[in-house]
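Notes follow once the structure below has been shown.
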Amino acid sequence: MGFNGIGGNLNVAGMIPWEIVLAYFSLALFFVFYYSRKTGGLKGYKTADFVYIGIGAAFTVVWEFFVGPLMDKIIPPGLTAFIGFGFFGRILILFIVAGLVRKPGVGMMSMAIFDILGDIFHYGFSGEPMFVIYESLTYGLFLDLAISIKRGNLFDNFTRKANKAGQTVQNVKSAAHQRIFAAITGGIIGFAWAFPDPFFYSGFFGPFLYGSIVNWQAILVSFAEAIPGNVLLGAIGGLIALRVARVIG
């Protein structure tokens, strides 16, 4: 028996134990509510922030489902395992949005809207709300963690210190230093984004929803294949996001 395309399978051989997955998402939700209260929740967002999030999520859908697949056809088939232009569009656009908004929650909101729009225009709503939960609290949460750790300076690299008058001022680094930092930050987030699809989806959500077979050798190979492209594209995305944030912000 299933509900909305959710099989609810918990005994597929090799799948990640549901207790581990539940613990992760419980901790993720705790983080969401904790930082929401600490940063004032949605009250800290301006109208422009919601506009950036909505437009960014819409462009991500267009790129990932229509532009990216067309671009994938122009490169040798063997390279698509390492570089997927559809996923690159997700990295680039969401990095730009996060670099403009710079508030915890932007990643999760962007991924939730992206997933819902993807259901409307491409997938259909079978399996929901599991996909919204999965993508928001993995890809989106990783982005928000980076924003939280850097206290809003996602792709900028400056420190705050007090001057002689006791006022807080920004110690801005050189342009080259900024670019290096943006590339490193983007690469780290790109590396983190290599985890969800092989481990969370193939290791749990695929079997849970559809009873698909768990092949840990394939999962590890898929993870290893995703790392180089994700890190490279994440670094490029970080540099582009820094440039856009400087021009618009």
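Compared with the dominant Cα axis of the chain, that is its longest principal axis, helix 47-62 is turned about 40°. Using C-alpha pairs under 8 Å with a sequence gap of at least 6, the mean separation divided by the residue count of the chain gives a relative contact order of 28 percent. At 1.4 Å probe size, with the rest of the protein present, what percent of the exposed accessible area of the chain is carbon and sulfur atoms? Looking at the chain in its full context, I get 69 percent from C and S.
In the context of the full set of protein chains, the chain has a per residue accessible area of 53 Å² (1.4 Å probe). In this structure the amide hydrogen of I6, modeled in the peptide plane, comes within under 5 Å of the amide hydrogens of G127, none closer than 5 places in sequence on its chain. Taking packing as the residue-averaged number of other Cβ atoms within 10 angstrom, the listed peptides 105-117, 193-205 run from highest to lowest as 105-117, 193-205. Gain on full extension, evaluated as 0.36 nm per residue between K38 and Y210 minus their Cα-Cα distance, stands at 58.1 nm. Each other residue within a Cβ distance under 14 Å of D115 adds +1 if Lys or Arg and -1 if Asp or Glu, for a net charge of -4.
In this structure, H122 and R151 have a Cβ-Cβ separation that, at R0 = 25 Å, corresponds to a calculated FRET efficiency of about 0.10.
Simple point charges give the picture: +1 on the Cβ of Lys and Arg, -1 on the Cβ of Asp and Glu, and for the chain a dipole about the Cα centre of about 1540 debye. Farthest towards the positive end of the charge dipole of the chain, among the residues T47, V231, M111, is the Cα of T47, using unit charges on the Cβ of Lys, Arg, Asp and Glu. For the pair I6 and S26 in one chain, pulling the backbone fully straight at 0.36 nm per residue adds 5.2 nm over the alpha carbon distance.
Taking every lysine pair in the chain that is 8 or more places apart or spans two chains, those with Cα atoms closer than 23 Å amount to 15.
The values are calculated or read from the model by the stated rules, or taken from the named source; none is laboratory data. All values reported here derive from a predicted model rather than from experimental measurement. Cβ atoms come from the backbone with ideal geometry, glycine included; neighbour counts cover every protein chain shown. In case anyone asks, the SASA skips ligands and DNA or RNA and just uses the protein heavy atoms, side chains included. Shrake-Rupley method; radii C 1.70, N 1.55, O 1.52, S 1.80 Å.
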